[in-house]
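Have a look at the structure below before the remarks.
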Amino acid sequence: MTAPTAAQEAFLRAFHAERPAVTAHAFADGRAPDGRSGHEILRDRVAGARRVLDPGCGDGVLLDLLARTGGRRPAGVDLSCEALALARRRPRLRAAALAEARAQQLPFAAGTFDACVCHMALMPMGDVDRVAAETARVLSPGGVLACAIGGGALGGEAYELFGRLLRTAVERAPAEQRIPPLGDRRTRTREGLAEILVPAGFSAPEQETVPIDPSGPADRVRAALSGIYDTGPLAPDTVRRLRETFLAEAAGPAGPDGRVPCGFRIHVVTARPR
């Protein structure tokens, strides 16, 4: 493991130790135009698969959805033992194979899975070329990789407002309150993903961009957006001011029912081993 990757993973472990349910909280209310969540979209992309791995499963939101199909054998790995503890408490995941492990070194034999799914977890991972190689290794012939990648704000809404306020807070914070560089920027574009996936043995990835709407009461939207990694190291006073400023400024665009408009995009990426 390289020094940068070790620093990234140390930060991620600490962040998720304090916020083991951040996945469930951050994406619980967001819906695509057809009413599905990002997790449900990925579930449907692997509808025919029985053996499914989530390398970055967190507290098990996606695995729980997958386990609702009878006869399916879900499995997951994550760096966070705290998040995995929450996943193990889910009744549908009592028989699931859950392991504290790195996606760069999966504890499974070659060809074990029919599908791999990854909801917003690929972006912060280090050494993604190795992640891609390991994913290709554990997939069986005819298998599929389905990922949800963040695509940014839709514009002019709460997501954009929170991002602007957060950038200002981070710029003013001392160096020790800033996160280390996370992930590989190639994961943010289809071309970059092709540079990662094709050499690992995948076909050129296909991509669909889907708008997600998590609009709702201002404090609920703020709580969801606060799952962004940059908030983790900030001082409590900074976080409090960020919350207060967001709630004050979000009152302007709020509708008569108190709902604050919010929207962002996800890129739903699929690729198959060649």
Quiz item: Which numbered condition trips up residue 36, out of (1) more than 29 Å from residue 213 (Cβ to Cβ); (2) free of Cβ contacts under 8 Å to residues at least 12 places away in the same chain; (3) basic (Lys, Arg)?
Solution: (1)
Exercise. Take the range 192-206 and flag every residue that is surrounded by fewer than 19 Cβ atoms within 10 Å (Cβ to Cβ) and within 30 Å of residue 28 (Cβ to Cβ).
Key: 192, 206
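Rundown of residues vs (1) in contact with a Lys or Arg (Cβ under 8 Å, 6 or more places away or on another chain); (2) more than 14 Å from residue 262 (Cα to Cα); (3) among the aliphatic types (A, V, I, L, M), yes/no style:
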{"position": "157", "(1), (2), (3)": "no, no, no"}
{"position": "168", "(1), (2), (3)": "no, yes, no"}
{"position": "172", "(1), (2), (3)": "no, yes, no"}
{"position": "175", "(1), (2), (3)": "no, yes, yes"}
{"position": "179", "(1), (2), (3)": "no, yes, yes"}
{"position": "184", "(1), (2), (3)": "no, yes, no"}
{"position": "189", "(1), (2), (3)": "no, yes, no"}
{"position": "193", "(1), (2), (3)": "yes, yes, yes"}
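Listed here are the residues, each with its yes/no results for (1) out of contact with any His (no Cβ under 6 Å at 6 or more places or on another chain); (2) crowded, with 18+ Cβ neighbours inside 10 Å; (3) of a type in the set (A, V, I, L, M, F, W, C).
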site: 74; (1), (2), (3): yes, yes, no
site: 111; (1), (2), (3): yes, no, no
site: 116; (1), (2), (3): yes, yes, yes
site: 139; (1), (2), (3): yes, yes, yes
site: 148; (1), (2), (3): no, yes, yes
Self-check item: Odd one out for residue 224 among (1) modelled with pLDDT under 95; (2) farther than 18 Å from residue 15 by Cα; (3) part of a helix (DSSP H, G or I)
Solution: (2)
Practice problem: Specify the residue that is nearest to the chain's Cα centre (by Cα); the eligible residues are those in the range 234-274 that are part of a loop (DSSP other than H, G, I, E, B) and in contact (Cβ under 8 Å) with a residue 60 or more places away in the chain. | Solution: 263
Quiz item: With respect to residue 175, is the statement that it is free of Cβ contacts under 8 Å to residues at least 12 places away in the same chain and surrounded by fewer than 17 Cβ atoms within 10 Å (Cβ to Cβ) true?
Solution: yes
Exercise. Considering each of 63, 12, 42 in turn, give the residue that is buried (at least 17 other Cβ atoms within 10 Å of the Cβ), in contact (Cβ under 8 Å) with a residue 60 or more places away in the chain and touching a strand residue (DSSP E or B) at 6+ places or on another chain (Cβ under 7 Å).
Key: 42
Quiz item: Within the range 8-30, can you find the residues that are hydrophobic (A, V, I, L, M, F, W, C) and assigned to a helix (DSSP H, G or I)?
Solution: 10, 11, 12, 14, 15, 17, 22, 24, 26, 27
Quiz item: Of the residues that sit in the range 205-221 and are part of a helix (DSSP H, G or I) and in contact with a helix residue (DSSP H, G or I) (Cβ under 9 Å, 6 or more places away or on another chain), which one is farthest from residue 175 (Cα to Cα)?
Solution: 218
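The values are calculated or read from the model by the stated rules, or taken from the named source; none is laboratory data. All values reported here derive from a predicted model rather than from experimental measurement. Glycine also receives a Cβ, built like all others from the backbone with ideal geometry; neighbour counts cover every protein chain displayed.
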